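Novice: My questions will all concern the structure given below.
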Amino acid sequence: MDSAPEEGAALDGPVIQTSAALVGDSADIAKARHLAAGFLTRVQAEHDLPVSQRAMDLTQLVVSELVTNARKYAPGPVLLDLQITGGTVEIVVRDCDPVLPMARAADAGRVGQHGLEIVMAVAQSFEAHREPVGKRITARLALADDPGGAIAGRLPL
């Protein structure tokens, strides 16, 4: 985990982040989930930031879904970045396929292929951008549930 400020980053606090290159073996998804859980556990312990159990579970779910999609649709390595920004965890997955993902229309008879819909439903924000080589998918999740009892998740439109 890197706690040094990034170039151009605000100096009001350390940048808390971790990254991994996943090379395409069958254990990538489990490795990514383990990395996410370990990262958030360290964020709690070392930086005294609140991370709810819900945030821990949803981060692992989102990481799993995004890495699964990258493994399924893009040949080559997948890069996973996790970063704490304010009260959120930012999950970034990069792969070499330039085709941006699109959520499918609702279909009660469809089995599987709901990962992107799940990610978009639980994330506060979701973005997909083409890059010079491939694409970057970014999802942000709240670290703590709302003290007023509201479920942390997508912000109202």
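Novice: Tell me which residues, restricted to the range 29-79, are of a type outside the set (D, E, K, R) and not in a helix (DSSP H, G or I). I'd like the intermediate steps shown before the answer.
Specialist: Step one: filter the range 29-79 for residues of a type outside the set (D, E, K, R), giving 29-30, 32, 34-41, 43-45, 47, 49-53, 55-56, 58-64, 66-70, 73-79.
Selection gives Leu49, Pro50, Val51, Ser52, Ala74, Pro75, Gly76, Pro77, Val78, Leu79.
Novice: Filter the range 80-120 for residues that are in contact with a helix residue (DSSP H, G or I) (Cβ under 8 Å, 6 or more places away or on another chain) and assigned to a helix (DSSP H, G or I); which is modelled with the highest pLDDT?
Specialist: Result: Val119.
Novice: Does any residue of the range 44-60 turn out to be touching a residue at least 60 places away in the same chain (Cβ under 8 Å), open to solvent by less than 40 Å² (accessible area, probe 1.4 Å) and in contact with an Asp or Glu (Cβ under 7 Å, 6 or more places away or on another chain)? I'd like the intermediate steps shown before the answer.
Specialist: In the first step, residues of the range 44-60 are kept if they are touching a residue at least 60 places away in the same chain (Cβ under 8 Å); the result is 49-52, 54-55, 58-59.
Imposing the further condition that a residue be open to solvent by less than 40 Å² (accessible area, probe 1.4 Å) reduces the set to 51-52, 55, 58-59.
From what is left, the residues that are in contact with an Asp or Glu (Cβ under 7 Å, 6 or more places away or on another chain) are 52.
Within the range 44-60, one or more residues are touching a residue at least 60 places away in the same chain (Cβ under 8 Å), open to solvent by less than 40 Å² (accessible area, probe 1.4 Å) and in contact with an Asp or Glu (Cβ under 7 Å, 6 or more places away or on another chain).
Novice: Moving on to the next point. Select from the range 125-153 the residues that are at pLDDT below 50 and surrounded by 15 or more Cβ atoms within 10 Å (Cβ to Cβ) and list them in ascending order.
Specialist: Once the filter is applied, which keeps residues that are at pLDDT below 50 and surrounded by 15 or more Cβ atoms within 10 Å (Cβ to Cβ), the range 125-153 yields Ala152, Gly153.
Novice: Let me ask something additional. Tally up the residues in the range 69-117 that are among the polar types (S, T, N, Q) and open to solvent by 50 Å² or more (accessible area, probe 1.4 Å), please. First the steps, then the outcome.
Specialist: We begin by selecting, within the range 69-117, every residue among the polar types (S, T, N, Q); these are 69, 83, 85, 88, 113.
If we keep only those that are open to solvent by 50 Å² or more (accessible area, probe 1.4 Å) too, we end up with 85, 113.
Counting residues in the range 69-117 that are among the polar types (S, T, N, Q) and open to solvent by 50 Å² or more (accessible area, probe 1.4 Å) gives 2.
The values are calculated or read from the model by the stated rules, or taken from the named source; none is laboratory data. These numbers come from a predicted model, not from an experiment. Methodologically, a virtual Cβ is constructed for each residue, glycine included, from the backbone with ideal geometry; neighbour enumeration extends over all protein chains shown. Keep in mind that these areas ignore ligands, DNA and RNA; they rest on the heavy atoms of the full protein, side chains included. Shrake-Rupley method; radii C 1.70, N 1.55, O 1.52, S 1.80 Å.
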